[in-house]
Amino acid sequence: MYKELFDEKRQNKMQRFFLDVVSPLGNFYTYNKTQIINIDMEYFVAIVTKGRLKHCLYNNNGGQKVLYFLKPGEIFGETDYFAGGNLNLTAIAMESTTISVLPIEIIDRLLYDEPLAYSYFIHSITRKYRISLFQMSDLLFNPSKSKVASTLYRLSLQDINIENEKYIITTPMTHEDLSHLIGCSRVTVTRVLKSLRMDGVISINKRKIIINDINKLRSFI
């Protein structure tokens, strides 16, 4: 089911459109690793053109829930632009990251001149909705090992990189990043990852997770 919902060709088309057609229309800003991305506009769309960032929710006590990771060709700010209001999400650079920011006037003109752009914005919003839906399902219904396996499998399909029949999750994540994405403790994530390594399902190299046996990983979901 995940492969159908996170179709690689559609994702690639969306990313190429935002990189090649949309990002040149905006102003470019670069942020260092761990830097919070503050954009002084009420409504905008920002496109990641280099690096990676994470989009997070925080509570009043500083608790963090990662909603999703964004890589080049992916965007944020589109939901607020179309629906109004502000979700008060926080974007944080995971490495040196460059974004292109488009103010509302440029987005309006883009949509007028390029009606096809609507389909790519809808794809982005729908994709994030599906990611959040699966996260909620894992959080409510699945045990720890299934949560971790499900998350790793989704990440492998959202950023497909296959070498020697092994899926490589190229987003560099700490155990804490993964725990904030899954919604369980770092200790639990470390324990499950160790179990998956011992079973030969995954290996880890320089904070990149390599899925050695995708079918065995799926069996834990």
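The values are calculated or read from the model by the stated rules, or taken from the named source; none is laboratory data. Model, not experiment: these values are computed from the prediction. Cβ: placed from backbone, ideal geometry, glycine included. Neighbour counts: every protein chain shown.
Key figures for this structure:
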read-out: Yes/no for Glu114 being of a type in the set (D, E, K, R) and over 16 Å from Val21 (Cβ atoms); value: no
read-out: The range 206-221 residues that are in contact (Cβ under 8 Å) with a residue 24 or more places away in the chain, paired with ones that are surrounded by fewer than 17 Cβ atoms within 10 Å (Cβ to Cβ) and part of a helix (DSSP H, G or I) (beta carbon under 7 Å, 6 or more apart); value: Phe220/Lys145; Phe220/Ser146; Ile221/Ser146
read-out: Qualifying residue in the range 149-164 (condition: in contact with a Ser or Thr (Cβ under 6 Å, 6 or more places away or on another chain), at pLDDT below 95, surrounded by fewer than 16 Cβ atoms within 10 Å (Cβ to Cβ) and assigned to a loop (DSSP other than H, G, I, E, B)); value: yes
read-out: Out of Arg109, Arg52, sole residue that is surrounded by 19 or more Cβ atoms within 10 Å (Cβ to Cβ) and of a type in the set (D, E, K, R); value: Arg52
read-out: Hits in the range 137-155 (condition: over 16 Å from Ile209 (Cα atoms), hydroxyl-bearing (Ser, Thr, Tyr) and free of Cβ contacts under 8 Å to residues at least 40 places away in the same chain); value: Ser137
read-out: Selection within the range 19-42 - crowded, with 18+ Cβ neighbours inside 10 Å and under 15 Å from Ile104 (Cα atoms); value: Val22, Ser23, Gly26
read-out: The range 80-93 - residue that is modelled with pLDDT of 95 or more and either within 17 Å of the chain's Cα centre (by Cα) or closer than 17 Å to Tyr31 by Cα (or both) and, of those, surrounded by the fewest Cβ atoms within 10 Å (Cβ to Cβ); value: Thr90
read-out: Those residues of the range 97-113 which are in contact (Cβ under 8 Å) with a residue 40 or more places away in the chain and either more than 16 Å from Glu74 (Cα to Cα) or aromatic (Phe, Trp, Tyr) (or both), in sequence order; value: Pro103, Ile104, Ile106, Leu110
read-out: Within the range 173-215, considering residues that are part of a loop (DSSP other than H, G, I, E, B) and β-branched (Val, Ile, Thr), the one surrounded by the most Cβ atoms within 10 Å (Cβ to Cβ); value: Val201
read-out: Number of the exception - Pro172 against (1) within 22 Å of Gln64 (Cα to Cα); (2) in contact with a Leu (Cβ under 8 Å, 6 or more places away or on another chain); value: (2)
read-out: Scope the range 120-137; condition of a type in the set (Val, Ile, Thr), surrounded by fewer than 18 Cβ atoms within 10 Å (Cβ to Cβ) and under 15 Å from Leu89 (Cβ atoms); matching residues; value: Ile125
